[in-house]
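Structure, as structure tokens:
The values are calculated or read from the model by the stated rules, or taken from the named source; none is laboratory data. No experiment lies behind these values; they were computed from the predicted model shown. Here Cβ is always computed from backbone atoms with ideal geometry, including for glycine, and neighbour counts include all displayed protein chains. SASA here: full protein model, heavy atoms, side chains in, ligands and nucleic acids out. Shrake-Rupley method; radii C 1.70, N 1.55, O 1.52, S 1.80 Å.
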Amino acid sequence: MKNNRFVSSIPGDTWLLPSALAIPLGVVAVGVQYFGPPTIAVTVTEIYIRLVAALAIYMFSSNTGIISYGHVAFMGIGAYASAWQTCCVMMKPITMHGLPAFLKTANFPVVPSAIAAGVLAAVVALVASLVIMRLNSIAAAIATFALLFIFQSVYGHWDSVTMGVSTMIGLPQYVTPVHVWIWVAIAILVAFILQNSSIGLMLRASRDEHTAARACGARILKYRVIAFTISAFFAGIAGVMLGHRIGTISVATFHLDLTFLLLAMVVVGGLRSLSGVVLGVIIVSVIMEVLRLFQGGVSIGGQIVSLPAGSVQIGIALVMILVLRFRPDGIAKGLEFDVKRWLGRSSDEVALRRSDSGSSAAE
Amino acid sequence: MSYFLQSIVDGASLGSIYALIALAIGFVFGILRLINFTQSDYITYCAYALIIPSTAAMPALFIGAWPAALMVISVLLIGVVLALLTERFAFRAIRDAEPEILLISSFATSYLLQHILMAVYSTRPKSVSIGNWLGEPVAFAGLRVPLIQLVTLGVTGAALIALVAMLRYTEFGIKIRAAAENYRMARLLGVRANAVIAGCFAISGLIGGAVSLLLVAQTGSLDILMGVSPVIIAFFATVIGGMGSLMGAVLGGFLVGMVSQLLQAYLPGEAREFRDAFLFAFTILVLIARPNGLIASSAIGQRT
């Protein structure tokens, strides 16, 4: 932490962790996109979109200890912002007559639009967090929840721009596994840099000992605002990907069900490590897909076995409750994969290593 | 003027329901530092108990067909039993966890209960007719007020007075207040944690049952999400009033009901649709001005 203000010097081999998380995901993305059946490609795309969203929540919540119930609102903001720029140029003047003129009459390329949409989500988060982050942790969590409801109320009724509660159709469906993976890789990298930066260090100090961290001169409000803003950008991007994957968006998509699913993923894997979040998204997604398969009916030994509707949600809620009960730090227990050991280099440590010691080793 | 008075009566009626739910949330939060999302399921389950399990849009009545007194008692009892079950199986084991973990757990438990109900009854809204006569307007001080609003005010007023009296004068109430003030000290002085906590859940279940009857009588319909919105608003009411303070919860409930109705009545046309956004923004503003709510409890934040 000598010269560079925010990125404390990270030793070369520490970069193994984000690479070890991102590269296998990339291999899978390329594999399913070019060689796999389309249904698998869709499933993988959806998992990766959730991964971007979960990583966004992770960037903020793991460092600050404040669980955000409001990130789905930023997904919605991003999705709508991208739709305004890229969707249905013929219909826009009629269905969304409240849009400013430059959006109403023209369409923009998808990637700059996605970035602009993420920036909009980040700007909204910046303004909101200047207010919210003054609160203590449980009150701030409640305030992020209020954000979700404000989003629902505003976007659900702003008919001239969002078409109210109706579904907006005709978004270009350009999202492929590899395309989302690029965002996954960027999100992993940013999350990793953030948690190893002095910002992350000071936020975690304030998470564990708020008063002591303040007394040591850590400017908690500022760092919380920075973390919230960066994480909202990625939530916005996840929303954009979601909209352009399905081709339609509606306000109802970005509500409690999605919030719950993302929190379940973050909690099951473990909020306190990057490996945990990646693990959590994959585990919960696999459980979901298996339950969904059984819900549709599976033939076992000539008998059709099918679970009643709602089994997916009930199953995930049960998994989440059990994890919270028996392993409140998540499956990864707040530890990171020890990549060096896997690569066969010397390491006396166990297979997983504490993320916090990773950052203290960086000093 | 009469429009203003009408809004005040509407606000008081709505606010009294929020106040009741906020009190239920406040009871549990005061002791466990747990924000109990399953409160919404107490309301929904009690309401759905009125009909036979079915996915039809106009299902036959079950408990709803029983004589009025028996029906009310049964519904209240279901609320209490459900609340005690959630306490025993969902929350007792994690009682000493961090407040954040408790919050997420109750969110998950609520989601679970909601989807179990959905699997049995489907998501289709249903209409039930109990207490239709309560919808009749009555002339009252120059206003025409639906009878149900007066009944709501009466029921919630009586319940609030009974609860406050219980808190103030009975031994159990004193134990609850002691535990809410300083949980560890109360335990050291011989207050039995399980009994007090179960008691608080039982009261919140009772309130859930009462609120469900009032809501069904008002709207004549059942919806899987019928408990969620009032509980979320009541939950912000407890925040405004001051988490952990029981009088604050009541005050916050009435305040939110009033503000909500006055916004509805006096916001200009286009802005009226965004009423809820104003309401939640108001919550955040109150939190900024008074981070511990209007009536700050000494035990706010970490459990002492």
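Observations
Conditions (1) within 14 Å of chain A (Cβ to nearest Cβ); (2) hydrophobic (A, V, I, L, M, F, W, C); (3) out of contact with any Pro (no Cβ under 7 Å at 6 or more places or on another chain), marked per residue:
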| site | (1), (2), (3) |
| --- | --- |
| B:D41 | yes, no, yes |
| B:I51 | no, yes, no |
| B:L102 | yes, yes, yes |
| B:L112 | yes, yes, yes |
| B:S122 | yes, no, yes |
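- Taking every residue in the range A:256-273 that is farther than 13 Å from A:H71 by Cβ and basic (K, R) and pairing it with any residue that is in a helix (DSSP H, G or I) and open to solvent by 30 Å² or more (accessible area, probe 1.4 Å), at least 6 positions away or on another chain, the pairs with Cβ-Cβ distances below 9 Å are A:R272/A:D356.
- Condition check for B:G220: closer than 30 Å to B:A56 by Cα and at pLDDT below 85: yes
- B:S229 of a type in the set (S, T, Y) and within 14 Å of another protein chain (Cβ to nearest Cβ): yes
- Qualifying residue in the range B:45-57 (condition: part of a helix (DSSP H, G or I), more than 23 Å from B:P230 (Cα to Cα) and either over 22 Å from the mean Cα position of the chain (by Cα) or acidic (D, E) (or both)): no
- Matching residues in the range A:286-318 - criterion: being more than 9 Å from chain B (Cβ to nearest Cβ) and in contact (Cβ under 8 Å) with a residue 40 or more places away in the chain: A:E289
- Scanning the range B:43-55 for residues that are open to solvent by 10 Å² or more (accessible area, probe 1.4 Å) and not polar (S, T, N, Q) returns B:Y45, B:A49, B:I52, B:P53.
- Any chance B:A69 is free of Cβ contacts under 8 Å to residues at least 60 places away in the same chain and assigned to a helix (DSSP H, G or I): yes
- Entry remark, the range A:320-330: residues being surrounded by 16 or more Cβ atoms within 10 Å (Cβ to Cβ), more than 9 Å from chain B (Cβ to nearest Cβ) and assigned to a helix (DSSP H, G or I) number 1 in total.
- The range A:48-66: number of residues that are part of a loop (DSSP other than H, G, I, E, B) and more than 20 Å from A:I150 (Cα to Cα): 1
- Filtered residues of the range B:8-42 (kept if open to solvent by less than 10 Å² (accessible area, probe 1.4 Å) and among the small types (G, A, S)): B:G11, B:S13, B:G15, B:S16, B:A19, B:A22, B:A24, B:G26, B:G30, B:S40
- Test result for B:F278, buried (at least 24 other Cβ atoms within 10 Å of the Cβ), in a helix (DSSP H, G or I) and within 13 Å of chain A (Cβ to nearest Cβ): no
- Within the range A:295-305, the set of residues being touching a strand residue (DSSP E or B) at 6+ places or on another chain (Cβ under 7 Å) and either assigned to a loop (DSSP other than H, G, I, E, B) or buried (at least 24 other Cβ atoms within 10 Å of the Cβ) (or both) comprises just one member, A:G297.
- Here is the figure for the range A:149-197: residues that are more than 30 Å from A:S275 (Cα to Cα), open to solvent by less than 40 Å² (accessible area, probe 1.4 Å) and away from chain B (no Cβ under 14 Å) total 2.
- Residues (open to solvent by 20 Å² or more (accessible area, probe 1.4 Å), facing another protein chain (nearest Cβ under 8 Å) and of a type outside the set (K, R)) located in the range A:123-138: A:V131, A:N136, A:S137, A:I138
- Candidates A:A141, A:A146, filtered to the one that is open to solvent by less than 30 Å² (accessible area, probe 1.4 Å), outside any loop (DSSP other than H, G, I, E, B) and either over 28 Å from B:S229 (Cα atoms) or in contact with an Asp or Glu (Cβ under 9 Å, 6 or more places away or on another chain) (or both): A:A141
- Verdict on A:L203 being within 14 Å of another protein chain (Cβ to nearest Cβ), of a type outside the set (K, R) and touching a residue at least 12 places away in the same chain (Cβ under 8 Å): no
- A:Y69 meets each of the listed conditions (1) among the hydroxyl-bearing types (S, T, Y); (2) in contact (Cβ under 8 Å) with a residue 60 or more places away in the chain; (3) assigned to a helix (DSSP H, G or I) apart from (3).
- Of everything in the range A:80-107 that is open to solvent by 60 Å² or more (accessible area, probe 1.4 Å) and touching a residue at least 60 places away in the same chain (Cβ under 8 Å), the residue that is nearest to A:G156 (Cα to Cα) is A:H97.
- Considering only residues in the range B:89-100 that are under 20 Å from B:T44 (Cα atoms) and touching a residue at least 12 places away in the same chain (Cβ under 8 Å), the one that is nearest to the other protein chains (Cβ to nearest Cβ) turns out to be B:A90.
- Residue list for the range B:91-127, restricted to those being open to solvent by less than 20 Å² (accessible area, probe 1.4 Å) and in contact with a strand residue (DSSP E or B) (Cβ under 6 Å, 6 or more places away or on another chain): B:K126
- A:A215 satisfies every condition listed in (1) under 30 Å from B:S229 (Cβ atoms); (2) at pLDDT below 95; (3) open to solvent by 30 Å² or more (accessible area, probe 1.4 Å); (4) not acidic (D, E) except (1).
- Just one of (1) modelled with pLDDT under 85; (2) more than 21 Å from the chain's Cα centre (by Cα) fails for B:I148. It is (2).
- Taken over the range A:238-277, residues that are farther than 28 Å from B:V228 by Cβ and open to solvent by 10 Å² or more (accessible area, probe 1.4 Å) amount to 1.
- Residue match in the range B:235-247 (condition: touching a helix residue (DSSP H, G or I) at 6+ places or on another chain (Cβ under 8 Å), open to solvent by 20 Å² or more (accessible area, probe 1.4 Å) and on the phi < 0 side of the Ramachandran plot): yes
- Close pairs (8 angstrom Cβ cut-off, 6 or more residues apart or separate chains): among the hydroxyl-bearing types (S, T, Y) and surrounded by 24 or more Cβ atoms within 10 Å (Cβ to Cβ) in the range A:222-234, at pLDDT below 95 and not in a helix (DSSP H, G or I) anywhere: A:S231/A:S68
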